Structure formats: structure tokens, C-alpha cells
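Take a look at the structure below.
All of the numbers you see were taken from the coordinates with simple rules; none came from a lab. These numbers come from a predicted model, not from an experiment. A quick note on method: Cβ atoms are made from the backbone with ideal geometry, for glycine too, and the neighbour counts reach across all protein chains shown.
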Amino acid sequence: MKLLLTGGAGFIGSNFVHYLLKAHPDWEIFNLDKLTYAGNLENLKDVAGHPRYHFIHGDIAGAVLVERLFSDYRFDLVANLAAESHVDRSIMDAAPFIDANIKGTQVFLDAARRHGVRKFLQVSTDEVYGSLGFSDPPFMEETPLDPSSPYSASKASADLLARAYHRTHGLPVVISRCSNNYGPYQFPEKFIPTIITNVLADKPVPIYGDGLNVRDWIYVEDHCRALDLILTGGRPGEVYNIGARQERSNLDLARSILRILDKPEDLLTFVKDRPGHDRRYAIEPAKIEKELGWRPAASFDECLERTVRWYVDNRPWWERVKSGEYREFAKKWYGEE
Ligand code: NAD
Ligand code: TDX
């Protein structure tokens, strides 16, 4: 089986590459990644020479390259993870989000349609559903799309394109919508690695607004296992929500991390709120649990401790990311690209 995965040098993508190489000893994995600021080949250093893993440096919106890859390699499966992924950046400048998340998805869908694939997995997010009130029921697969940020609007657009290619062209598309991930290799612009790395450096932790916004957290390896199950067993044309039923307010979460690291609460600093800040996300994962037998492998507390420990043990990794030094790695590795 040949799988083309996009965005594999990012947080979830690099965890997914590691996961797939172990889970499927007969699969060949091709990773197409543009290496934006969020792509870091250090995340994949240990698999760089693996006989079943191939890295391709390129843009998913580059139609010529994408067409060549599909005709040269005849992929069986596609998992589209590549995206601009940070809400705050999309507020500052939406343009790269339109190019990568919408245009890139369209280019990929067209290539898959021309060449045929067994399954096209579009990796999406719970943010496309918009914001919940504190007492609302969680998002279901049928919940109408109601995105708030340019990021989530671009992901919702990609979902609609993917669904249209299924309905119009019969492309075997499945869409996954997962809640907030945490774990190793997450870029320290996102909330959990921001908290951990700031606390480890005794720097203030920025809490947006009143800190009472709620997110539903999932350990990245549980997400990877869900994606694998959807790729192999998900029904074409269907959407699968993924979430571990672990809602936490931002303030509670930050306090838990301070407790794990035995640091004082006065590091928490309230700052100006994010414009259009969604109040609450909560995912109902009953469909994937029932249809595909998915369950999280370990408790939230255990996975959070494991994640904090990873950042403690891998300080050089995040220090290189925060200083920008990690970008030199690709140049050295590939001889000055
Ligand atoms: P990330 O920002 O860590 O990584 C994104 C990767 O995509 C990077 O390696 C980057 O270089 C690559 N990329 C960006 N634009 C590209 C382009 N035009 N062509 C090729 N590669 C490109 O993101 P992440 O957090 O790992 O998220 C991965 C996917 O999962 C995204 O589609 C995101 O919307 C989705 N998702 C993320 C979360 C989360 O909590 N992080 C939750 C649900 C869904
Ligand atoms: O410094 C911060 N302080 C803070 O209070 C940051 C970075 C965030 N926050 C808050 C905003 C959110 O309520 O923490 C919460 C989580 O923020 P992010 O890590 O930026 O995640 P979110 O906006 O919820 O989006 C994430 O989950 C869904 C990912 O970035 C998306 O890629 C994914 O689709």
C-alpha cells in the first residue's frame, strides 16, 4: 500500500509518520511538505533513512508537482494534513490560509480524481462547527458548519470541496474532525507548548481574555490511531468526529501544568482576548467509537504528564524552534535548499 501524506513535518503529521511506520510494516509512506515555519525535519530525523519512508519537499497547491507525483507513484491512499494551522496567524494575515488550506486541497482532490485512489482522507477540525455555549450539547457530525476565524473558514471551505468531490465525482473522500491535540513536537505557538516552555523558562504565560474558554483535549497518538482507522475502515462520503471527552477551561489547564512543574500561579498573566475567540469546543465521538471501535489509550492526566516530561527532556528541540535555529536543519540536511 502506498500512502501519500501531506504536512508530515508538522506536529500531527510527524507523529502520524512515526505511528504508521510502526502500525503498517507493509506500507510505503510518502510525505509531501512545503517546510513552512511550522515544518521541522528534526521531528523526523530518526526515520530519515527508513526504507519505507520518502520525503518530498513541495507545496500541495503546486499543481505540476502534485500531478507528477500522482502519475509517477500511483498512490493507493491520501491523507491531507498540510495546512496553515494557527488561528492567531490567520487573524493577522488570511492569505496563506486560502492558498494552503483551500487551493491546496482543491489541487489534491483534482489529482486524486484524475488518478483514482482507494481513499482520500481530509483531516479537518472541530473549529469548523463554530462556538458552543457552556450548556450546549457537543458537536455532532451533523452540526452545521459555522466557522469564526479565517483559519476555520478555510478548513470549512476545504471540507465542503472534499464533500463536493465525493458527491459530484464519486471520489472516495472521508473527512475527520478532531478536537485540540497535544503531545510531542507541537509548535510552541499553540497553547499547551506555550505554557510548558514559558514556565520552564520562568516566563509569563499569556491567558487570553478571562481564561474561561473551554477546549476539548486529545493526545496526538489517539488522534493518529483514529486517522488510521478512518483511512482503513471509514466509509466514503462520511464525516467522523474525533475527541476524547476531556473538556478543560484554559485557566484550569494552565494551573494543572504549573502543578506538574511545581511552579507558582503568578506566572499566569491575563492579556487581551483573541478577536472572535470561540467560547467552547466539545466533540461527540460516539460514531467513531461505535463504527470503528476507537477509544483513547490512556487518561488525560497521564498523557498531560507524559507531554510535559517530553518538553522537559527535549529542551534543545524547543529552544531551537523558539530561536529559529531549527530552520537551519533542513538546509544542512538537504544541502542548502
Ligand atoms: P502544523 O502547523 O504543526 O503543521 C502543518 C504542516 O503542514 C507543516 O509541516 C507545514 O510545513 C505543512 N504545510 C503547510 N502548508 C503547506 C503547503 N502549502 N504544502 C505542503 N505542506 C504545507 O499543524 P498540525 O497542528 O500538525 O495540524 C495538522 C492538520 O491537522 C491541519 O490540517 C490542521 O487543520 C488539523 N488539525 C489540527 C488540530 C490541532 O489541534 N493541532 C486539531 C484538529 C485538526
Ligand atoms: O498564548 C495563548 N493563550 C491562550 O489563552 C494561546 C496560544 C492560546 N490561548 C487560548 C486560546 C484558545 O482558547 O488557548 C486556547 C487554545 O488555543 P490554540 O492552541 O491557539 O488552539 P485553538 O485556537 O483552539 O485551535 C487549535 O485547535 C484546533 C489548533 O491550533 C487548530 O489547528 C486546530 O484545528
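Some points to look at:
- Under 13 Å from a label point set 7 Å out along the Cα-to-Cβ vector of ARG114, the amide N atoms of the range 69-91 belong to 69-74.
- Net lengthening on full extension, ARG327/PHE134 (0.36 nm per residue, minus Cα-Cα): 65.4 nm
- In terms of overall dimensions, the chain has a Cα radius of gyration and Dmax of 19.2, 57 angstrom.
- With both residues required to sit in the chain, DSSP beta bridges show an antiparallel share near 10%.
- As a rough footprinting exposure proxy, the listed residues HIS24, HIS223 were ranked by other beta carbons within 10 Å of their own, and the order from fewest upward is HIS24, HIS223.
- Neighbour counts of C-beta atoms inside 10 Å place VAL117, VAL128 in the sequence VAL117, VAL128, starting with the fewest.
- With a cut-off of 14 Å between beta carbons, the residues surrounding PHE139 carry a summed charge of -4, where Lys and Arg count +1 and Asp and Glu -1.
- Under 9 Å, Cβ to Cβ, from GLY58 - net charge with Lys/Arg +1 and Asp/Glu -1: -1
- Taking the number of Cβ atoms within 10 Å of each Cβ as an exposure proxy, the fewest-first ranking of VAL173, VAL239, VAL312 is VAL312, VAL239, VAL173.
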